[in-house]
Amino acid sequence: MSTIPLTARGAERLQVELHRLKTVERQEVITAIAEARAQGDLSENAEYDAARERQAFVEGRIRELEGTLSNAQIIDPSALDTDGRAVFGATVEIEDLESGERVKYQIVGDVEADIRSNLISVSSPVARALIGKSEGDVVEVRAPAGVREYEVLSVSYQ
């Protein structure tokens, strides 16, 4: 399996989720299964079936997180010699040249991407266009919604 790039913050978030699943969620599911078993006939017990489905989900997610973390390559952009260019882990402020709208994105791995938190995947069209660019550069992004032009306002490494 290939390495999975993660920021330090992303890896920490996955570690926290894994810990919660193992220490809290797993125990809650075990309790729910025990309570459902105590009700008797398991063949028509909806609570038992729901608890078993939840158990399968929790165990699957635990395996997924353990696999991701075991293959993770933690990248610290502040330790790289980037010369002010956008790289994996960098936070980039851009301005849409057509609308004037400004937005800040952090370029992260596929696993930790969350557009609501302005964390964009390194494989997204916007991130691919930004990689290697510096403050003042204009980039053209070919996205499903069409071609957009952005100016890079700032690049920072946190």
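The criterion of at least 3 residues that are more than 15 Å from Gly10 (Cα to Cα) is met, among strands (runs of 3 or more DSSP E) falling completely within region 72-152, by 90-96, 102-108, 138-143. Residue under question is Val29, and the condition is that it be closer than 24 Å to Ala72 by Cα, assigned to a helix (DSSP H, G or I), in contact with a helix residue (DSSP H, G or I) (Cβ under 7 Å, 6 or more places away or on another chain) and of a type in the set (A, V, I, L, M, F, W, C); does it hold? So Val29 fails the test. When region 8-33 is filtered for residues that are closer than 22 Å to Asp114 by Cα and either surrounded by fewer than 17 Cβ atoms within 10 Å (Cβ to Cβ) or not assigned by TED's automatic domain parsing to the domain that holds Glu53 (or both), the ones remaining, listed by number, are Ala8, Arg9, Glu12, Arg13, Gln15, Val16, Glu17, His19, Arg20. Answer yes if at least one residue in region 13-21 is within 30 Å of Val108 (Cβ to Cβ), in a strand (DSSP E or B) and touching a residue at least 60 places away in the same chain (Cβ under 8 Å), and no otherwise. Taking every residue of region 13-21 in turn, none turns out to be within 30 Å of Val108 (Cβ to Cβ), in a strand (DSSP E or B) and touching a residue at least 60 places away in the same chain (Cβ under 8 Å). Within region 40-80, the set of residues being modelled with pLDDT under 85, farther than 25 Å from Ala90 by Cα and either surrounded by 12 or more Cβ atoms within 10 Å (Cβ to Cβ) or among the aliphatic types (A, V, I, L, M) (or both) comprises Leu42, Asn45.
Checked against the criterion of being of a type outside the set (Ser, Thr, Tyr), under 30 Å from Val29 (Cα atoms), in contact (Cβ under 8 Å) with a residue 24 or more places away in the chain and surrounded by 18 or more Cβ atoms within 10 Å (Cβ to Cβ), region 139-151 has no qualifying residue.
The values are calculated or read from the model by the stated rules, or taken from the named source; none is laboratory data. Since the model is a prediction, treat every value here as computed from it, not as a measurement. Positions of Cβ are generated from backbone atoms using ideal geometry, with glycine treated the same way; all protein chains shown enter the neighbour counts.
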